[in-house]
Amino acid sequence: MDSRRTSVVEKSLTAIATSSKKSGYYLAAMRPRQWTKNLVVFAAPLFAFSINLQSLLGSLLAFGLFCCASSGFYLINDIVDVESDRQHPVKCKRPIAAGLVSIRVATVMALALLGGALMIAWLRSPRLGAAITAYALLQVAYNLRLKRMVILDIGAIATGFVLRAYAGAAATSITLSSWFLMCTAMLALFLGIEKRKAELRLAKVKGNKPRSVLKYYSLPLLGRMENVVTTGTVVAYSLWSAGPYLHGASTSWMLLTLPFVLYGIFRYQLLSDPEEIASYSDEIIEQGGRSERPEEVLLKDVPILLTVIGWVLTCFAILLLKHQGLIK
């Protein structure tokens, strides 16, 4: 009797362990590290100084929907590229390429995530539904064509971030200012250019075959593009933080956050420097380099992470002081 009970318990524990392991593979296939990009949806209420329960819940909804939509497209990409990924030294470890998640299950997951995100978004509000739909169409266009078209590929990456920011405003019924959109667009272009720079430099460091669009780029060209966009980002943010006189932030005390923005931009540029890339460990180089992936920078680079935290805390401190009437 005892042996039978022990056998049943062992089988139950084995089944639970197997189920847990499979769930881990499913989650890994959705690439949760990429979800940090969707934190942009919280920018709209933060920039508008509209921090309350309603805006928080709306932003959380937009964040969840974009996580579902983006994960759906990551699954589709891995399904389409499964054969080429199996030949890649790093991508072969992805759950679908490694055979840990079947193509059939991945297809069902992708359709459920995308379909659910679109349906919930349209039920929430037409603006939010339009933002998620536009993002989905952009991803289709990017994967089919835009990622192989010079300059337009960077524009598509930037547009994805702008749509996230717009969705955050749509989910919280916040009216976007022109400075907010310009700051978001310029910063997104900056990240897109830095991504291409890192890819080009890493291809030279590792001697890998670069993606097809990189043959149209050169480091001098990307450097000139970076100079224009960096200047635009700093100017747009400075004018917004100057306060209501320029139809920007509701208080000019937001200028105190400008040093965080400047340091963050300069630090990010440092991470795409060829000497910095050459000093990476083999593991980081194999992963594609930190400045090639914004989520890697946010999660692994301590100075950048502290800069973001400092910026957020300063914004909240200014908001609190303004709410108490201690500053204008």
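The values are calculated or read from the model by the stated rules, or taken from the named source; none is laboratory data. Keep in mind that this is a model prediction, so the values were computed, not measured. No Cβ is skipped: glycine too gets one built from the backbone with ideal geometry, and neighbour counts run over all protein chains shown. These accessible areas exclude ligands, DNA and RNA; they are computed on the full protein's heavy atoms, side chains included. Shrake-Rupley method; radii C 1.70, N 1.55, O 1.52, S 1.80 Å.
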**Item:** Tabulated pairs, segment 303-328, first under 18 Å from residue 243 (Cα atoms) and open to solvent by 60 Å² or more (accessible area, probe 1.4 Å), second assigned to a helix (DSSP H, G or I) and at pLDDT 90 or above, C-beta under 8 angstrom, 6+ apart or interchain
**Value:** 321/253; 322/253
**Asked** Only one residue in 225, 254 is more than 16 Å from residue 184 (Cα to Cα), open to solvent by less than 60 Å² (accessible area, probe 1.4 Å), in contact with a Cys (Cβ under 9 Å, 6 or more places away or on another chain) and modelled with pLDDT of 90 or more, so which one is that?
**Response** 254
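Of all helices (runs of 4 or more DSSP H) completely enclosed by segment 35-97, which ones contain at least 2 residues that are farther than 27 Å from residue 174 by Cα?
53-80, 82-86
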**Asked** Taking into account only those residues within segment 32-91 that are of a type in the set (S, T, N, Q) and open to solvent by 60 Å² or more (accessible area, probe 1.4 Å), which is nearest to residue 238 (Cα to Cα)?
**Response** 52
**Message:** Name the residue that is farthest from residue 80 (Cα to Cα), counting only residues in segment 138-179 that are β-branched (Val, Ile, Thr) and open to solvent by less than 20 Å² (accessible area, probe 1.4 Å).
**Reply:** 174
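Within segment 98-111, how many residues are open to solvent by 30 Å² or more (accessible area, probe 1.4 Å) and part of a helix (DSSP H, G or I)?
7
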**Request:** Scan segment 239-251 residue by residue and report those that are surrounded by fewer than 17 Cβ atoms within 10 Å (Cβ to Cβ) and not hydrophobic (A, V, I, L, M, F, W, C).
**Result:** 244, 245, 247, 250
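To keep it simple, each residue is scored yes or no on (1) over 18 Å from the mean Cα position of the chain (by Cα); (2) at pLDDT below 85; (3) of a type in the set (Asp, Glu).
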{"position": "250", "(1), (2), (3)": "yes, yes, no"}
{"position": "264", "(1), (2), (3)": "no, no, no"}
{"position": "283", "(1), (2), (3)": "yes, yes, yes"}
{"position": "286", "(1), (2), (3)": "yes, yes, yes"}
{"position": "289", "(1), (2), (3)": "no, yes, no"}
{"position": "297", "(1), (2), (3)": "no, yes, no"}
{"position": "302", "(1), (2), (3)": "no, no, no"}
**Item:** Scope segment 112-137; condition touching a residue at least 24 places away in the same chain (Cβ under 8 Å) and crowded, with 20+ Cβ neighbours inside 10 Å; matching residues
**Value:** 113, 114, 117, 121, 128, 131, 132, 135
